[in-house]
Amino acid sequence: MNSLALDTACSSIEGVTLDSVAANFGTPCYVYSRAALTAAYAGYRDALAAQGLLERSLICYAVKANSNLAILNVFARLGAGFDIVSGGEMARVLAAGGNPAKIVFSGVGKSAAEMRAALEAGIHCFNVESANELELLNSVALELGHRAPVSFRVNPDVDPKTHPYISTGLKSSKFGVAFTDAPALYRRAASLPGITVKGIDCHIGSQLLDPAPAAEATDKLLDLVDRLAADGIVLEHIDVGGGMGITYRADEPAPAAADYLAPMLSRLVKRTEKLIFEPGRSLVGNAGLLLTRVMTLKPGEEKHFAVVDAAMNDLMRPALYDAWHEIEKVGSGDTAATAQTWEIVGPICESGDFLGHDRELALAQGDLLAIKSAGAYGMAMASNYNTRPRAAEVMIDGDQVHLIRRRETVSELFALESALP
């Protein structure tokens with residue numbers, strides 16, 4: 001899925017040139033396309049509608065992928081729900097106009113304060129991930145005079161065939177409850193006065209390109225749903241998580257939403273339960289890019305380095321996962337430049353500060369580059385390492401450009417600190 005409407009020269013998105021964005025907002029700068037966000041959401045909506053499942057489905061955007069208020073607001077206007085993993089993410093969703101009744105709360109370490117706030121807001125469901133969490137949630141709910149709606153995130157022990165850091169459904173994962181423990185946990189939940197059992201959830205990983213593991217996990221989940229029903233525990237919803245991958249390399253295309261969902265939907269279409277989906281990366285990843293400018297070129301004996309003004313603090317994925325992002329020059333740049341193989345690196349004082357290895361580009365100092373497929377886990381994971389202000393973020397909407405997060409200033413980075421008396 002690659003829905004960002006870049007022109008062939010990588011010079012504009014929708015009706016706005018990237019040169020003008022850089023001139024007006026500086027670099028590094030994250031740039032998103034509202035049309036691409038909308039198209040990605042429509043891929044899920046249309047796939048569900050084609051199977052007659054839309055009316056009993058809830059598409060919950062996984063907020064951790066990109067939590068900018070403007071992006072959350074776009075999805076809220078489209079009718080999306082939200083998958084959150086912290087109280088802070090819930091506050092963002094509510095500030096962006098999200099409906100609390102469409103929020104599912106995942107995560108292995110929910111605090112009592114977060115549980116309390118979510119119950120008071122009236123969220124759709126807690127995805128419970130341990131026995132201890134269940135007991136704490138029951139206590140908090142009783143204190144408030146509420147009954148907490150819960151599903152268990154069940155670990156189906158399915159190999160998602162993705163990077164180990166983003167595999168979440170194996171026995172070795174910290175996430176979810178063991179498949180074999182689930183029946184006893186559901187019985188316990190059904191006996192607690194502060195708990196209402198609502199559903200079941202699983203999420204096996206991220207950047208999944210093959211639909212087979214998700215279909216296998218769905219089969220296991222349905223098996224368990226039927227076993228629980230036989231024990232008198234009838235569930236209202238089935239949450240099959242998210243994880244569909246996107247295109248990062250041109251030679252490794254990702255499936256369209258309809259193709260990825262097809263094996264799961266064929267299993268779910270005859271069910272009576274409500275269905276929940278939790279896409280993140282596939283909704284925002286290819287709807288954004290990171291603009292950066294070449295600061296200096298540093299040819300070496302073994303490698304040639306292009307030092308740009310973006311760095312690992314702006315886009316952590318290459319350093320963290322050795323992730324690949326396509327990097328293209330915006331427009332023609334210096335036509336006299338000769339193509340060479342460059343290491344695209346940032347100015348941070350770490351050898352791991354790179355954005356791309358071995359890129360064949362004709363570069364000159366001052367050239368503007370676009371680091372593609374950066375809408376997910378880019379700005380959301382950004383830091384202030386080396387006291388670097390985080391980048392600006394802009395949203396392109398047709399021929400309009402909206403600044404949706406201004407660039408930080410250095411003074412803001414230490415405004416909460418103080419010297420010793």
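Going highest first, how would you order 370-377, 319-326 by mean Cβ packing within 10 Å?
On the way: 370-377: 25.6, 319-326: 15.9.
Output ranking for 370-377, 319-326: 370-377, 319-326.
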- Message: Between ARG227 and GLU408, how high is the FRET efficiency from 1/(1 + (r/R0)^6) when r is the Cβ-Cβ distance and R₀ = 51 Å? Nearest 0.05.
- Response: 0.50
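List, in the order given, every pair from LYS174/LYS220; LYS174/LYS274; LYS64/LYS270; LYS110/LYS174; LYS64/LYS174 whose Cα-Cα distance in the structure shown is over 24 Å. Please list the in-between numbers first.
On the way: LYS174/LYS220 19 Å; LYS174/LYS274 27 Å; LYS64/LYS270 31 Å; LYS110/LYS174 14 Å; LYS64/LYS174 17 Å.
Among LYS174/LYS220; LYS174/LYS274; LYS64/LYS270; LYS110/LYS174; LYS64/LYS174, the Cα-Cα distance tops 24 Å for LYS174/LYS274; LYS64/LYS270.
Quick check on region 34-280: of the DSSP beta bridges with both residues there, what percent are antiparallel, nearest 5%?
Values: 1 of 30 bridges.
For region 34-280, the DSSP antiparallel bridge percentage is about 5.
Would you please give the FRET efficiency between ARG77 and GLU301, computed as 1/(1 + (r/R0)^6) with r the Cβ-Cβ distance and R0 = 51 Å, to the nearest 0.05?
Values: r = 54 Å, r/R0 = 1.07.
Between ARG77 and GLU301 the formula returns 0.40.
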- Query: By how many nm would the segment from ALA258 to LEU320 grow when fully extended, if each residue of separation counts as 0.36 nm and the alpha-carbon distance is taken off?
  - Reply: 19.3 nm
- Identify which of THR180, THR38, THR218 has the largest mean-square fluctuation in a Gaussian network model of the chain, with springs joining Cα atoms closer than 10 Å. THR180
- Mind ordering 104-113, 278-287, 295-304 by average Cβ neighbours within 10 Å, highest first? 278-287, 104-113, 295-304
- Once both labels are modelled 7 Å past Cα along the beta-carbon direction, what's the ASP219-HIS357 spacing in nm? 3.7 nm
- Item | Listed residues CYS60, ASN99, ALA42: farthest to the positive end of the dipole of region 21-152 (Cβ charges) | ALA42
- Could I have the simple spin-label model distance between THR180 and LEU69, label points 7 Å from Cα toward Cβ, reported in nm to one decimal? 4.9 nm
- Message: Please report the antiparallel percentage of DSSP beta bridges with both residues in the chain, rounded to the nearest 5.
- Response: 45 percent
- Please sort 397-405, 219-227 by packing, taking for each peptide the average over its residues of neighbouring beta carbons within 10 angstrom, highest first. 219-227, 397-405
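Read-outs: derived from the displayed coordinates by stated rules, not from any lab. Note that this is a predicted model, so its numbers are computed, not measured. Cβ atoms come from the backbone with ideal geometry, glycine included; neighbour counts cover every protein chain shown.
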